[in-house]
Structures are given as C-alpha cells and as structure tokens.
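Report on one structure; see the data block that follows.
The values are calculated or read from the model by the stated rules, or taken from the named source; none is laboratory data. Since the model is a prediction, treat every value here as computed from it, not as a measurement. With ideal geometry, Cβ positions are generated from the backbone for all residues, glycine too; neighbour counts draw on all protein chains shown. Remember, those area values only see protein heavy atoms, side chains included, never the ligands or the DNA or RNA. Shrake-Rupley method; radii C 1.70, N 1.55, O 1.52, S 1.80 Å.
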Amino acid sequence: MANHLNVFEGPAAVRDLLDPGRLPYLPLVELPAELNPFAGDKVRIFAKLMTLSPLGNVKAVPAFNMIAEMHRRGELAGVRRIVENSSGNTVSSLALVGRQFGVDETKSYVSAEISWHKLLMLLFFGVEPMVNVEPANPSETDPESGIYKAKKDGESEEALNPGQYDNEDNPKAHEKWTAQQIWEQTGGDINIFCAGLGTTGTVIGNSRFLKGKKPSLRVVGVMRAPDNYVPGVRTEKLLKLIGFDWHKHVDVIERIETADSYRLSLDMSRRGIIVGPSSGFALAGLLQYLGDLKGKNALDEVRDEESGDVVCVFPCPDGPMPYLDEYFKYLDGSHFPPIRNEAALLNRP
Ligand SMILES: Cc1ncc(COP(=O)(O)O)c(C=O)c1O
C-alpha cells in the first residue's frame, strides 16, 4: 500500500506507525508575519512540528531508533523492563515503542520539578515513575543523579537502560530522519537552525547532517537562564550531565527565561501552531539571536545570496496540553479572557 495514503496494516501496523522512516514527513510551517518580528527584514522562520508524530513529541524519533537498534543487535533478548531518566517524553515514547518490540514494563526516574500533568501522563501510559531529588551540583557519576540510578538499574539482567544522554542512536535518529526531512523540505535553502538543549540529541543530529550539506549554516543552541524552569530543556549547570560533545555542534548559545517561553508558545498556539513551552523557548532563542544580528547590522552575513532571504528552522518538541496549568502560573491574568459567571462552576480545582 502506498505510504502517501498513510495507511498502516497487518501484524506490524502499529510498529510501522511508530517508525519515523515510514511516516509522511512531519510538517514544516512558516510563521505568519504576526509571529515574526523580522518579516520586514526578509527573514523567514519555519517551525518543524515534531508534535505531529503519532506519539505527539520529538522523543518518538530517538526512542524508536534506540529500541530498534538494540533489537537489531540482539540486546533485547530476555529484557522485561526499560529504565530511563526522563522528563516524561522520552520515557513515554520508550514505553510505547518498547511494547512493540516485546518489552512490556517501563520505569522512569523523574525530577522533582516534573509537572503534575506530565506525571499523570506517565501513569496513563503505564510508566512507573520514581521521583528523584537531583543533587544541587549534579555530575554524570553522582550516585544521587537520576541518570546514574537509571544506569545502575539497567545493569540488572532483566532490565535495560537506553541511556539517552550518551546513546549515539539518539542524535543519529535526528540525523537520519529529522534533518534529512528539513533538508528536503527547504530544498537546501536554510541559513539558521535553532533548537533547545535537552539531551542535545536534536541539535547534534541536525547540526551534523545539515552542516555536512551546507557548512555555512549557523546552529543556535538554546539553554535555560539560571533558575528558570522550562520542561525538557536544561540550564548550563544541568547540561554538565550530558555525555555528548554538543559544544562542537553549536555556533551560538542563547539563554532564555521561563515567562518568554510560555508566552511565545501561547502566541503560536493561538495562531494554529499548537506547541508547548520548549517550542516557545526555541523561538525566543532564535528571535534573540536575530535581534542581536540585526543590532550589529550583521543579518546579511547569514542571508542567502540568491534569494536574499534568511531562512530559519526550529523544531517544536511537544504540545502545550501536559503543561496547561503552568501557563496560568508563569503568565499573568492579562493573557487570558475572564470566565463569566465563574461562581456557578461545579468543578474547580
Ligand atoms: C519537551 C522537550 N523539549 C525539548 C527537548 C530537548 O530535545 P533534546 O533532548 O533532543 O535536546 C526535550 C527532550 O526531552 C523535550 O522533552
């Protein structure tokens, strides 16, 4: 059956549905001028909607690759349980992909800062969460860190820790699927790639592939400003836990705060690009970088000579729904319409 009809059938139908290589390309959508303050400077900004994968988040891509590669190498034989340290998306993706490969149980170390709805999401998907209070100055080998604990648990005979923080099949997944798609979808006309830094798999995989095709591409990595919460991405301090050499793949670093991330996510969602806080975060980092270039009269340095455009792409890792209550915590009431006759409500938190 031709894949463009988007039909999955037969005994492997669900496994095929979860395979990023068998799906139609995820949409690449240009932001309207209302969301692009640099539209008048011939800057074009495209969102890559990882949210529209069947698992609803970016981690569907590395989760499938990590599990499929372990399966191919025969490492899943006798494994009953997947253990990972995760902010939620990776482990729910691992659980759903894992079941397609015969591993039914999944357990996750989750940070104490996890959102309540994200925690409910784990329970919904049948993932067992273990709340872990991370050390104040975490390091990869600190026995109190969730990464270390998941690694240790993964050493037992029936368990396996994919280890998204240093497993090469994480960035490789983006290299072979996400970046390949972006390259084809832009016809190679891409000047800036910008992504938030979590495990850094997205930025490394895309940077490797896209810079390999176009060495002049600028890669912007976005990190959380110190003490600012945004789910799925890290502060400089928390990035010390990552085993990858992500610095080598990033040209510029931007630091972004919580409220700006939630506000831009809300703005995009209200214009039909329904994306979560770390998508607003990536866009905020990109806009900060563009503002910096414009301030230095340096936009022409990145402009495409032929078209005269600056084409930017940023992936949107997930949607807003698991964090809905947080928008009301981090944005003030002026962002929302009032509820009329609120006193009559029967179900209130
Ligand atoms: C919501 C969200 N945003 C961003 C990221 C960062 O992506 P990466 O881990 O590829 O750096 C993640 C990763 O877990 C995520 O869950």
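Exactly one residue out of D169, D104 is closer than 19 Å to A68 by Cα and within 14 Å of the ligand (Cβ to nearest atom), and it is D169.
Among the residues here, N191 qualifies as at pLDDT 95 or above, in contact with a Leu (Cβ under 9 Å, 6 or more places away or on another chain) and crowded, with 20+ Cβ neighbours inside 10 Å. Among the residues of region 312-340 satisfying the criterion of being acidic (D, E) and within 22 Å of the chain's Cα centre (by Cα), which is surrounded by the most Cβ atoms within 10 Å (Cβ to Cβ)? Checking each candidate, the answer is D318. Here R348 passes the criteria (1) closer than 30 Å to I190 by Cβ; (2) outside any helix (DSSP H, G or I); (3) among the charged types (D, E, K, R); (4) open to solvent by 90 Å² or more (accessible area, probe 1.4 Å) except the one numbered (1).
Tallying residues that are away from the ligand (no atom under 14 Å from the Cβ) and either touching a residue at least 60 places away in the same chain (Cβ under 8 Å) or of a type in the set (S, T, Y) (or both) within region 255-267 yields 4.
Taking the criterion of being within 20 Å of the chain's Cα centre (by Cα), open to solvent by 10 Å² or more (accessible area, probe 1.4 Å) and of a type in the set (G, A, S), the residues of region 64-89 that qualify are A68, S87. Each residue in region 162-187 was checked for being open to solvent by 10 Å² or more (accessible area, probe 1.4 Å), farther than 25 Å from K240 by Cβ and in contact with a helix residue (DSSP H, G or I) (Cβ under 7 Å, 6 or more places away or on another chain), and 3 pass. Of the strands (runs of 3 or more DSSP E) lying entirely inside region 184-288, the ones with 2 or more residues being under 13 Å from the mean Cα position of the chain (by Cα) are found at 192-196, 218-224. Looking at G102, is it part of a helix (DSSP H, G or I), farther than 30 Å from L217 by Cα and at pLDDT 95 or above? The answer is no for G102.
If the condition is being touching a residue at least 40 places away in the same chain (Cβ under 8 Å) and not aromatic (F, W, Y), then region 18-39 contributes L18, D19, P20, G21, L26, L28, V29, L31, P32, E34, L35, P37.
For region 51-63, the condition of being crowded, with 16+ Cβ neighbours inside 10 Å and touching a Cys at 6+ places or on another chain (Cβ under 6 Å) holds for at least one residue.
Just one of L26, L122 is under 29 Å from A284 (Cα atoms), assigned to a loop (DSSP other than H, G, I, E, B), within 15 Å of the ligand (Cβ to nearest atom) and at pLDDT 95 or above; which is it? Answer to the check: L26. A343 satisfies every condition listed in (1) over 26 Å from the mean Cα position of the chain (by Cα); (2) of a type in the set (A, V, I, L, M, F, W, C); (3) in the same structural domain as G187 (by TED's automatic domain parsing) except (3).
Any chance region 29-50 includes a residue that's of a type outside the set (D, E, K, R) and more than 24 Å from Y289 (Cβ to Cβ)? No, region 29-50 has no match at all.
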